[in-house]
Every structure is written in structure tokens, then in C-alpha cells.
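What follows is one structure encoded as C-alpha cells, with my remarks underneath.
The values are calculated or read from the model by the stated rules, or taken from the named source; none is laboratory data. It should be emphasised that the depicted structure is a prediction, and the values quoted were computed from it without experimental measurement. For neighbour counting, all protein chains shown are included, and Cβ atoms are generated from backbone atoms with ideal geometry for every residue, glycine included. Note: accessible area is taken over every heavy atom of the protein model, side chains too, but ligands, DNA and RNA are not part of it. Shrake-Rupley method; radii C 1.70, N 1.55, O 1.52, S 1.80 Å.
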Amino acid sequence: MAPRSFTLSRLALVAIAFLIITANQATAAEPLHVMIDRLVALQTADYDKLAAPVCSDEEFVRRIWLDLTGSTPSIADTRQFLADADPDKRAKLIDRLLTSPEYARHMQRLFDLALMRRLPAKHVPVAEWEKFLRDSFAQNKPWDQIVREILTADGSDPAQRGPARFYLDREGEVNEITRDIGKLFLGADLQCAQCHNHPTIDDYKQSHYYGISAFYVRSFVMTDKEKRVVFAEKADGEATFESVFEIRDKVSKGPQTTAPKLFEGMSISEPKFEKIDDAYVVKPNDKDKTVRPVPRFSRRVKFAEFIASTENRRFCRTTANRLWALMFGRGIVHPVELDHSDNPPSHPLLLAMLTEELANEHLDIKQFLREIALSKTYQRSSRRESADPNQPLPSDALFAQAILKPLSPDQFAWSVMQATGEVDVQRQAINPDALELDAELKAKLKAGPVEPDKQPLVNKAIEAELYKRLAGYEQRFVQLFGGQPGHPPEGFESTTDQVLFLANDGAMMGFIRPRGGNLADRLLKLPEDNPQQIAEELFLSTLTRRPTAEDIADVTGYLVGQTGPARAQAVQELIWAAISSSEFRFNH
């Protein structure tokens, strides 16, 4: 019998049947975000008493901008949202951000990190890989399609080398590919099952590891006639394994061979050929190693079809859990790469329902993130001012309040540039002639606002130009805050180098110096006798909230009596204090 963590379709069916029986208040047309809230509450006794209230507009606008675009909002966007009296303004903002070019680039960053772990570039330019991801998310390709395009790419097509980076910049190393595929697409860290059954997780068997490895054991990196490094494939070769524990204990029956398969699922069927030469469209050439062999049957292509499909509920479950973790800071199964029966989901009915809904919606990531963002569970506050200080806070696994999430290096970089006004300065400096637009649209842009149907093209071009101007700063943050290549940090950390960078780096100091409409310039132009107005501009720009009475008093006290250069220096110090604060460094 298959381990219960692998019988996901059965679990989903049981869960859904249970929901139909118990959810007497639900309707057939109940939106996903409503079902999310109901199932989260259903899991925990007295959930309503434990749960934090729905967050304020100030909390929401900062959180949703960070989660969907990777940056805090501009002060103009913040003021507009806070002043809007439309009861549907949160839903409208979510929809606006999901169609923005910033969303596509943010998703590109998130999935580049997940898929490549900031591994150094070797054979495929990073820009080509990033463009593939960014265009895929901008087009809202289904996730299974994106994964299939990655897993079938071999780099032989010059126009489609981007997705081949997944294999080529791992040098086609079968064990590394096997481990990463298990973690990324199946929620299973099988690293400790390479040499034997997993020592602490009964569900993870050595045969599972080599069942995946068998899809890749015939693949190898080579250089073709055009001097391109490609991921080629032979028509023969099998995955064999032997437990080191059994060898040690002298009970091994010798190496075992496994057919390609996923866990306890059925093995794939593959054609048999009488002669090995018949198995090739293009045969290997021992005299010419630049000839790329092409088998008639590709295990790799079959694997892509096999794993990345709405029919593969474990793939859908892992995807749903990973997307949930992106928005909440932890998975329903947590960690997301350890989905097994001894680490059950905190909300099994919820995860089963999300898995089915995501599969039914054809792995539409935008729609899935939209429904999560609309839920009260996502919109709960991280603050609990009225909570009994003697009572422990509810576990993060209950999703009863927002979890504090440290900003990623790129989020930190872009939020600093947004808060200090550097983004606005650079946007104002953009010449329409520098944008990737046709001549007619450039002329219209110079003359004034363009037609509404053309605005998305303009927005995309402006975002791309802004990125070119500011990407160097982002890279500096990534180098300092992003950990070692291949090993990004898993949580918040603060090092001496990071502290020195924030306090002394020339770029950081440049961001907070007054220039051309940035935050420091705006603050210095406000009336000196109106510290409340100065504090509001400062706090809305940096922390996306209005200042409290205590904040206003602090700003007033710090600026009192300061004039001329001393006042300018004091304003810069206030900005630096805000963007260096723990409140700024976390998404909450």
C-alpha cells in the first residue's frame, strides 16, 4: 500500500466529501477566498477569539505591494489608496498590481531564487533565463506549462536557451537535478535518501530517489557543432542503487535497478527496440563528439509530461503549498520541502481544497494569489494591541494573525529606493526616446497622456527602463544580504558587513541626500513650523503609515532649533533611521 502522504488524490476526495457534508452555510458558488477563511477557522477551536482583526488600510497597502510587486508603494499611491472611500478598493488594488509589470518582475525574482538558488551563471546568460520567467508570468502561463518548458529545454534552440539554464548551469549533474526536482515540484527533500532510505522520514525511500534519477541518468552536457553547450540524451542507461547500510551490514543483495517512476506510482511505459541504433533519430558518433544524439523516445520529455500536470495531484499540492507560503511566510505543510506523513499539514482540509481548486483552475497562479489576497486570513493584522499580555501568542501555524516576514534583499533594495524617492527621481529623468516603444507611441507620450489601451505598453517600457537604471543597486543588496551563491539565507540575519553598508555606503548616503524631488528635498521644502506635516510625509514615504502622536513628538524634538545645513543633516538622519528600522525591514 502507498504511504498515506502519497495518496493525495484520495485525501483530497475524502476532504471534499467531508466539506460538502459539514459546510451547510456554503453555497456552490462560494468564492475561494471565503472557503479559505472558513476552513482556516474550522481547524481551530475558538479561532475567532484568537484571530487578530482585519488589518488597517495602512498595513494592507504596504503588505500587498510588497507581496505582489516586491516594493513598498510610493507616497502618491499610499495617499490615493488611504483617501479612497470605495469599499472594493482592496480588490481593485489587488487586480491592478497583478496586471502590473512590477508583478511579473517580482515573480521572476521569486521563482529564479526558488529554481536556481542564485547559482552562478555558466552556460546561459542570466538575462535570458530571467526574461523567460518574466514573460511567462506576464502572460500568466499556467504553472505546469512553465515547468514543462523548463524540463524539456535542452539549449539546442538559440531562441529558447533561457529555460535550459535549469539544467545547464547545474552542469547536468543528475544528483543535483534529482534533489532539486524533488524539493521544488514534489515537496520532498530526498537528499538523505540518495545512499539509503531516509534515516528519519519513513516515507522517503532510496527507490523514490532513483525513480526520479532514472529519468535523467541518460542525459549529459555536451558542446555541439555550433559550439553551444546543450543537454543531450542517450537511448540507453539505467539507474542502479545499493543501500550503504545494507552493504555495511553485509545483507545487500547487490545493486538494484529501477524504472523511471514517481514514488509509488506506476512506472512509465517506453518502447523497446531490437537494435540500439533503431532507438535513435540521430545516433551518437564516436568519431565526432559534437554530434548531439537524439533518441526516438526521451525519458526527460516524458518526465516533464508526467510530473507537470493537473493530473499529478502531488505537483498541484506542492504548488498550492508553495504559493501559500509566498503570501503568508510559512506553508500549510512547513517546511514546504518536507511533505510527508510525519509532518502533516496544519490544515489538511484547507490544503486538499486548495489543491483541487488550483488543479481545476489549470494552475492559474494569478487567480490563486488573487483569492488568497482577498481572504480575511491574509488580511489579518500582525498587531494585537488588545491581547492579554499574559497569554501566549497563537502559533504561526494557526494563521490567526499576520506573520512577520523579513524583506528579501531585492525587496529591501527597491523599498529603500522607493521610500527615499530615488525611484521618483529616476522616473522623472527618463526620456521617452530611451523607451522600447515604437516611434508613434513615443511621440504621443511626449505630447501628453496616451490612450488607455496603450498605457500598459508605456508602463512596461518605463518599468524596464527604471530597472536598467537601478538594477546595479539591487545587485549590491543581493550580494550583501543574499547569502552565498547556491545557499540563500532562510530567515532574517544581520551581519557586521550589512550594518556597515547601511551606515556608510556611498549609494545609501546618496539616497538620503536632498536632490531633485526626493524625500529629503521634499521634507526640507515643508514649513519648518509644521512638524506634523513633516512627520506625515516622512512616515507615509518610509513606513507607509501616518505617524502617531509619539512619532510627531520625536520628529519635533529632533528638528527643533535646527536650521540651514544642520537641519538638512537632521532630516537625512531621520530618513536613515526610518529605513534602517526593524519596522521597515519586515513585511507585517
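Tabulated data
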{"quantity": "Condition check for A76: in a helix (DSSP H, G or I), free of Cβ contacts under 8 Å to residues at least 60 places away in the same chain, open to solvent by 30 Å² or more (accessible area, probe 1.4 Å) and among the hydrophobic types (A, V, I, L, M, F, W, C)", "calculated": "yes"}
{"quantity": "Test result for R513, farther than 21 Å from R62 by Cα, out of contact with any Cys (no Cβ under 7 Å at 6 or more places or on another chain) and open to solvent by 80 Å² or more (accessible area, probe 1.4 Å)", "calculated": "yes"}
{"quantity": "Residue, farthest from the chain's Cα centre (by Cα), within the stretch 523-566, restricted to residues that are of a type in the set (K, R) and closer than 17 Å to A577 by Cα", "calculated": "R546"}
{"quantity": "Any chance A104 is at pLDDT 95 or above, open to solvent by 20 Å² or more (accessible area, probe 1.4 Å) and part of a helix (DSSP H, G or I)", "calculated": "no"}
{"quantity": "Among (1) in contact (Cβ under 8 Å) with a residue 60 or more places away in the chain; (2) within 21 Å of the chain's Cα centre (by Cα), the one test that A52 misses", "calculated": "(2)"}
{"quantity": "The stretch 152-165: number of residues that are part of a helix (DSSP H, G or I) and surrounded by fewer than 23 Cβ atoms within 10 Å (Cβ to Cβ)", "calculated": "4"}
{"quantity": "Failed criterion for P344 (all others in (1) surrounded by fewer than 16 Cβ atoms within 10 Å (Cβ to Cβ); (2) farther than 29 Å from P199 by Cα hold)", "calculated": "(2)"}
{"quantity": "Qualifying position, being hydrophobic (A, V, I, L, M, F, W, C) and without any contact (Cβ under 8 Å) to a residue 24 or more places away in the chain, among A507, A578, A566, A520", "calculated": "A566"}
{"quantity": "Any pair with Cβ under 8 angstrom, 6 or more apart, that starts in the stretch 385-405 at a residue that is modelled with pLDDT under 90 and ends at one that is in a helix (DSSP H, G or I)", "calculated": "P394/L50"}
{"quantity": "Selection from the stretch 528-558 of residues that are open to solvent by less than 50 Å² (accessible area, probe 1.4 Å) and at pLDDT below 95", "calculated": "P531"}
{"quantity": "Single residue of the stretch 138-151 satisfying the filter (in a loop (DSSP other than H, G, I, E, B) and free of Cβ contacts under 8 Å to residues at least 60 places away in the same chain) that is farthest from T99 (Cα to Cα)", "calculated": "K141"}
{"quantity": "Count - residues of the stretch 173-204 that are in contact (Cβ under 8 Å) with a residue 12 or more places away in the chain, in a loop (DSSP other than H, G, I, E, B) and either open to solvent by less than 10 Å² (accessible area, probe 1.4 Å) or closer than 13 Å to L338 by Cα (or both)", "calculated": "7"}
{"quantity": "All positions within the stretch 352-374 that are under 19 Å from the mean Cα position of the chain (by Cα) and either open to solvent by less than 20 Å² (accessible area, probe 1.4 Å) or basic (K, R) (or both)", "calculated": "L354, T355, L358, L363, I365, K366, F368, L369, R370, E371, I372, A373"}
